[in-house]
Amino acid sequence: FGQNSLLKETGMLKNYFKISVRNLLRHKSYSAINIVGLAVGLAAFLLINQYVAYERSYDNYHRDVDQIYRLTTDMIVDGEIKTRDAMSFNPSGKLLTDNYEEVEAYSLTYDNGNINIRKGEELVTEETVKMVDEHFINFFGYEVLAGDPVTMLKGPNSLVLTESKAKFYFGDENPIGKSLKVHSGFDQDFQITGVIKDTPRNTHFKFDVLVSIATIQDRLTREGWNAFNYYTYVRLKKGTDAERLEQEFVSFKDTYLGEENKLFLNLQPIRDIHL
């Protein structure tokens with residue numbers, strides 16, 4: 001009985017298939033429009049799905065990504081946010097780490113913009129250059145190919161190159177210990193202290209060259225709490241309530257900026273930055 005039923009169902013399916021093919025051939029133009037429409041619809045769905053997945057993947061590659069936040073600054077007047085800025089004061093990361101046990105670590109960075117580097121007789125303009133502190137490599141967990149991740153950005157006039165940039169300037173030679181002449185206000189030799197893997201495209205923090213922020217230590221000391229031109233990242237202990245911690249930052253702000261100051265510090269999850 002079961003076998004007869006299966007044969008009947010198979011015969012019905014074959015019959016349906018024949019009828020469908022005949023209808024398609026009988027109405028060729030109508031069938032072509034439907035098939036093309038279905039194909040375009042499926043292709044659009046797949047492309048959109050890939051695009052959304054890529055956009056949502058930004059910065060996911062960082063170690064402890066759910067615990068990393070960028071310190072932002074709001075100017076609040078009469079209970080309303082007048083200005084929202086992604087930058088903060090350069091001493092804030094260290095002091096927050098020192099004063100709050102929930103803050104495990106920090107990294108201070110500065111967007112240097114373009115710099116000109118001499119390569120033989122050629123002057124090369126590097127467009128994605130960041131100044132970063134000694135904690136940066138280990139804080140974000142970048143893969144180090146050469147150099148000591150603990151010390152490579154500790155001293156002034158230090159350069160860390162991505163793998164592709166190291167090959168661009170030095171070919172297959174080991175660049176560690178070699179120098180590059182950096183212009184754009186510096187006009188001096190910088191020592192290559194490290195090489196790291198190229199950063200993925202899906203990150204808000206793109207760079208090809210890293211400069212030790214200790215190079216401008218005099219400026220950092222001079223500016224202190226007088227200028228918020230720096231991007232500060234903090235890593236919170238697992239399980240920390242970021243919103244509650246933000247409320248505690250009010251007294252921190254009052255201590256270092258004064259109660260009358262209208263600037264307030266906030267925590268922005270790193271995965272929320274791109275979108």
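The values are calculated or read from the model by the stated rules, or taken from the named source; none is laboratory data. The shown structure was predicted, so the numbers you read here are calculated from the model rather than taken from an experiment. Ideal geometry is used to build each Cβ from the backbone, glycine not excepted, and the neighbour counts take in all protein chains shown. In case anyone asks, the SASA skips ligands and DNA or RNA and just uses the protein heavy atoms, side chains included. Shrake-Rupley method; radii C 1.70, N 1.55, O 1.52, S 1.80 Å.
Let me confirm something: among Gly113, Gly155, which residue is over 25 Å from Glu246 (Cβ atoms) and without any contact (Cβ under 8 Å) to a residue 40 or more places away in the chain? Give the steps one after another, and end with the answer.
Working: Gly155 fails: without any contact (Cβ under 8 Å) to a residue 40 or more places away in the chain.
Answer to the check: Gly113.
Each residue in region 181-198 was checked for being open to solvent by less than 30 Å² (accessible area, probe 1.4 Å) and hydroxyl-bearing (Ser, Thr, Tyr), and 1 pass.
Sort out which residues of region 232-244 are of a type in the set (Ser, Thr, Tyr) and touching an Asp or Glu at 6+ places or on another chain (Cβ under 7 Å), and write them in order of number.
Thr240
Of note, Lys178 satisfies the criterion of being open to solvent by 60 Å² or more (accessible area, probe 1.4 Å), farther than 29 Å from Leu96 by Cβ, modelled with pLDDT of 95 or more and of a type in the set (D, E, K, R).
Taken over region 121-137, the criterion of being open to solvent by less than 50 Å² (accessible area, probe 1.4 Å) and either outside any strand (DSSP E or B) or hydrophobic (A, V, I, L, M, F, W, C) (or both) is satisfied by Val124, Val129, Met131, Val132, Asp133, Phe136, Ile137. Got at least one residue in region 227-241 being out of contact with any strand residue (DSSP E or B) (no Cβ under 9 Å at 6 or more places or on another chain) and closer than 30 Å to Asp187 by Cα? Yes: region 227-241 contains one or more residues that are out of contact with any strand residue (DSSP E or B) (no Cβ under 9 Å at 6 or more places or on another chain) and closer than 30 Å to Asp187 by Cα. Counting only residues that are polar (S, T, N, Q), open to solvent by less than 60 Å² (accessible area, probe 1.4 Å) and either in a loop (DSSP other than H, G, I, E, B) or closer than 17 Å to Tyr106 by Cβ (or both), region 200-226 holds 3 of them. Reported count of residues in region 227-239, each being surrounded by fewer than 18 Cβ atoms within 10 Å (Cβ to Cβ) and either in contact (Cβ under 8 Å) with a residue 12 or more places away in the chain or within 20 Å of the chain's Cα centre (by Cα) (or both), is 4. Evaluation of Lys253 against the conditions (1) in contact (Cβ under 8 Å) with a residue 40 or more places away in the chain; (2) open to solvent by less than 70 Å² (accessible area, probe 1.4 Å); (3) charged (D, E, K, R) shows that the sole unmet condition is (1).
Taking region 126-137 on its own, how many of its residues are polar (S, T, N, Q) and modelled with pLDDT of 95 or more?
Step one: of region 126-137, the residues polar (S, T, N, Q) are 128.
Then drop every residue that is not modelled with pLDDT of 95 or more, which leaves none.
Residues in region 126-137 being polar (S, T, N, Q) and modelled with pLDDT of 95 or more: 0 in total.
Just checking, how many residues over region 256-275 are exposed (fewer than 12 other Cβ atoms within 10 Å of the Cβ) and of a type in the set (Val, Ile, Thr)? Step through it out loud before you land on a result.
Filtering region 256-275 for residues exposed (fewer than 12 other Cβ atoms within 10 Å of the Cβ) gives 258-260, 275.
Still in the running and of a type in the set (Val, Ile, Thr): none.
Residues meeting the conditions: 0.
Inclusion of Gln247 among residues that are assigned to a helix (DSSP H, G or I) and more than 21 Å from Ser107 (Cβ to Cβ) is warranted. Residue-level check: of (1) of a type outside the set (Ser, Thr, Tyr); (2) touching a helix residue (DSSP H, G or I) at 6+ places or on another chain (Cβ under 7 Å); (3) part of a strand (DSSP E or B), Lys238 misses just (3).
Output the residues belonging to region 152-175 that are open to solvent by less than 70 Å² (accessible area, probe 1.4 Å), touching a strand residue (DSSP E or B) at 6+ places or on another chain (Cβ under 9 Å) and in a loop (DSSP other than H, G, I, E, B). It would help to see each step written out before you state the result.
Kept after step one, since they are open to solvent by less than 70 Å² (accessible area, probe 1.4 Å), are these residues of region 152-175: 152-153, 155, 157-166, 169-171, 175.
Now drop any that are not touching a strand residue (DSSP E or B) at 6+ places or on another chain (Cβ under 9 Å), which leaves 152-153, 155, 157-163, 165-166, 169-170, 175.
Scanning region 152-175 gives Met152, Leu153, Gly155, Asn157, Pro175.
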